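The values are calculated or read from the model by the stated rules, or taken from the named source; none is laboratory data. All values derive from a computational prediction rather than experimental measurement. Here the Cβ positions follow ideal geometry from the backbone for every residue, glycine too, while neighbour counts run over all protein chains shown. Heads up: the accessible areas ignore ligands, DNA and RNA and are worked out on the full protein's heavy atoms, side chains in. Shrake-Rupley method; radii C 1.70, N 1.55, O 1.52, S 1.80 Å.
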Amino acid sequence: MSDLPPVWGSKEEALANARRLLAYDPNASIEQAEVVIARDPDSSEAYRLLGMALRRLGRVEEASRAEENAIALAMIEPKLFEAMMAMTEQNLPKAERLLRERLRDHPDDAAALRMLAEVAARTGHFDAAERLIGQALTVAPSFTAVRNLLSAVQRVRDREKDEPSTQRSSVALDDGLSGEEIYVDAVKLYDRVVAQFPERTENWISYGYVLRIIGRQDDALEKFRRALVAQPSSGEAWWAIADLKAARFTKEDLATLTSLAAGADGPATNLSQLNFALARALEQFGNYKDAFTHYVEGNRLRALSSTHDPDAVSRHVDRSIALFDKEFFHRRDGAGDATRDPIFVLGMPRAGSTLVEQILSSHPAIEGVSELPDLPGLANWLGNGKEAGFEDTPYLEKLAALPIQELQRLGRGYIWNSGLRRRSMKPFFVDKMPNNWLHLGLLLAILPNAKIIDARRHPLACCVSNFRQYYAKGQEFSYDLKHMGRFYADYVRMMAHFDELMPGRIYRVVHEDLVEQPESQIRKLLAHLDLPFDTQCLRFYESKRAVGTASSEQVRRPINREGLDQWRAFEPWLGPLKDALGPIVDFYPAVPGMSDR
């Protein structure tokens, strides 16, 4: 043992002493770390030092337990917890800044090292990711999440062995954490977080969303209700309850929401959420007229921060139709990445794409990876960082000017980045980002062998479902009935163009047909994908996979007709939507001016 006794002063002095002792007297370092833990059992730094000292003495099992405690405790420290939230929200620059600040002060924090490695991997910096993974494993060799990340990175590296290393980072895309294991870990994390910070409304709400994603609806409702104890006027908590199919509002809830939504003060976002929640409550009580009034007000408030330009979307579709003709693809025959792994399910939001993905991911040959931002990210990169399709950008012109080899590089960029989200060895995966229809020409140019499924739903049912949905971000076309009708019409125009250009290339799943004839429609879909029928696809609702979209509850139940005619309750007030849609409603599921398919 060292001649230096454990420090009994401040925690900072004791931790500094443990670090000093670690280099030459691990036993003394253990004694010092245990002094800190006795006084502060939530000190992640003390457990981290304890683990390092124990491992130096070969006490591996004890070291692993100390390392696990250090990691769990680190995750509830404000900076690291905020970084994790930034990653789940796909805000990688913020996450990277917070993690680097954390590692500057705590360079041996295995949790921070793993998260920063994930950021590096998500942005295509695989060398940096592997270095950070190595550092994390040096600190905590048994850290399972780091080993899982290493396996994912190695799978991606295996795909690029035959390609120059310079081709991987220039198509780097922002993304957040994904994979079912993050939600399982998050439940354990939130148990600690809400116990330590019970007054923080946002933690209870986030906890509830995690529980909803993994199918624990009753537990999610309990957490959302608990958030209202911390902040009774929280629009986010009220909307979270409203958006749970299993939840029922009481008359007392209705009275409270009516009072809160009438308030003129407060942020527009909170008032918007309160109006959406009140609208759902009024629906439950059969008052559809007043419910629609509050949907209109909720969307009006939501639109105050929107820059959506329906004319820009129409111009993008016009330019796409003009550019992507037979000659365009003839000149690029054989270009792009030839892989057959991806299955794209696209179309309007709220059109059944989550259901299609859940059915397909129940097949033993297909993995569902939810909504990947990679294809829109490539389009935005070509458009100088602007949201291609929603803004006027040089995206299409730059795409038209790309040499053949560049199209292959972009295709490989998509495959490399999507490979990080794949958690199995299944041969196919589903990317169900609905708005990928805006980038259909790009998709076909860089991934010519990808399968494409258009999930289509009755225009009024689909648009009303969007109008009733509060979106935390994106889908800004849905805040106005006229804008939404135009968006749906532009989507139909784009898909009709490619149907004429490449007959049979895109497979259409009509939601109503799938609901009425599930087995025959699923058989046809799998046949189109050249896959054998599997009965598990009929029992898709038994799947335990995490589902993070607004349809997470529907896909955990057998197919039913519940939502098919929901829009009819609001039909008296849909005039602006019908006008914007034009003849599309009458022709559905066919397209005006085209033969029935």
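Observations
- Heavy-atom surface of the chain, accessible at 1.4 Å and reported per residue (Å²): 42 Å²
- Within the chain, longest stretch free of exposed GluC sites (Glu not before Pro) [DSSP loop, at most 15 other beta carbons within 10 Å]: 200-561
- Full-extension gain in nm, residue 42 to residue 329, via 0.36 nm per residue minus C-alpha separation: 97.3 nm
- In the chain, the portion of solvent-accessible area held by carbon and sulfur atoms comes to 51 percent [1.4 Å probe, whole percent, DNA, RNA and ligands not counted].
- The separation of the stretch 313-344 from the stretch 103-137, counted between C-alpha centres, amounts to 37 Å.
- D (Stokes-Einstein, µm²/s), Kirkwood Cα radius, the stretch 418-509, 1.567 mPa s at 4 °C: 86 µm²/s
- Crossing angle, helix 518-528 versus the chain [Cα axis fit, 0-90 degrees, rounded to tens]: 80 degrees
- Excluding same-chain neighbours fewer than eight residues apart, the aspartates and glutamates reachable from residue 245 by a Cα-Cα span under 12 Å are 218, 553, 562.
- Among (i) 26.8; (ii) 27.7; (iii) 26.1, the entry derived from the coordinates for Kirkwood radius over Cα pairs in Å: (iii)
- Which listed pairs, of 398/451; 451/473; 188/426; 482/578; 94/473, have C-alpha distances above 19 Å, in listed order: 398/451; 451/473; 188/426
- Loop-exposed chymotrypsin sites (Phe, Trp or Tyr not before Pro) per DSSP, neighbour cap 16 Cβ within 10 angstrom, longest uninterrupted part of the chain: 25-284
- Sequence-distant residues sharing a close amide H with residue 452 (under 5 Å, placed H): 344, 507
- Note that the stretch 462-477 has calculated 3J(HN,Hα) couplings of 5, 5, 5, 4, 5, 5, 8, 9, 7, 9, 4, 7, x, 6, 5, 5 Hz, one per residue in order, obtained from phi through the Karplus relation 6.51 cos²θ - 1.76 cosθ + 1.60 (θ = phi - 60°); glycine and proline are x.
- Sorted from longest to shortest, the spans of the Cα atoms of the stretch 256-309 along the three principal axes equal 34, 25, 11 Å.
- FRET efficiency for the pair residue 402 and residue 513, taken as 1/(1 + (r/R0)^6) with r the Cβ-Cβ distance and R0 = 35 Å, rounds to 0.35.
- Per residue, the convex hull spanned by the alpha carbons of the stretch 443-482 comes to 115 Å³.
- Taking 0.36 nm per residue of separation and subtracting the current Cα-Cα distance, fully stretching the chain between residue 216 and residue 104 would add 36.5 nm.
- Each stretch of four or more DSSP H residues adds -39500 (n - 2.57); spread over every residue of the chain, this sum gives -18000 deg cm²/dmol at 222 nm.
- Distance between the stretch 64-81 and the stretch 432-472 - C-alpha centres, whole angstrom: 40 Å
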